[in-house]
Amino acid sequence: MHKTLALLLAALAGTASAQIYQCPGPGGQKVFQQSPCTGGKELDVKPVQQVGGTMLGGQAAPDAGDVDRRLSILQAAERGEPAVGMTIDQLDRAMGAPHKVNVANYGGGPEEQRIYRRDGRTFYVYTRDGLVSGIQNQETGRRKPACPSSRELRDAETDASAQTPSADERKRRAQRLADLKQQDRDCR
């Protein structure tokens, strides 16, 4: 009997943990999956310690659906998109700072509507209790140019101030700098 119980516990322990692999995807982005891949690496994910079907601390043990949900949140964050179930920290890392935040309190605690504008789309992301609870994605019809990074602006300023190029080249570089600064203003 003790041998059968030991085998049963070993089998249950083996199914409780899931392996997660970070793999290269098309276009160089990261893909997370439960099976090994060429050129990928296994992530160090600690198994949940269970006692009688619940995690220590009284919460329900994660099931395959919970693992899939966590994977989809990681994949959305890697794509720079919001996902229901993300924490506000994950949302900030994925989307950056919102353009605007509206806060409401309907008696059940504060709710936020965070507004992000990206490449001709506006995301209205709703949060409650520190988690993303809903997402509205609206096509705005006009595509804004990609926002320049601070490095692109700095490089353009350096190029525009260089004295060695010809006058025509300096003029072209100054125009590029002016264009980048205008794009940066449009992004705000």
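Here, each number is a calculation from the coordinates, and none is a lab measurement. Since the structure is predicted, the reported quantities are computational estimates derived from the model, not experimental observations. Backbone-built Cβ (ideal geometry, glycine too); neighbour counts: all protein chains shown.
Before moving on, here are some points about what is shown:
- Taking other Cβ atoms within 10 Å as a rough exposure proxy, Leu131, Leu91 sort from fewest to most as Leu131, Leu91.
- For a straight C-alpha distance cut-off of 19 angstrom, the aspartates and glutamates reachable from Lys181 (same-chain residues fewer than eight places away being disregarded) are Asp119, Glu152, Asp155, Glu157, Asp159, Glu169.
- With contacts taken as Cα pairs under 8 Å at a separation of at least 6 residues, the stretch 93-179 carries a relative contact order of 16 percent.
- Here the translational diffusion coefficient of the stretch 82-144 follows from Stokes-Einstein with Rh set to the Kirkwood radius across Cα pairs; for 37 °C and 0.692 mPa s it amounts to 275 µm²/s.
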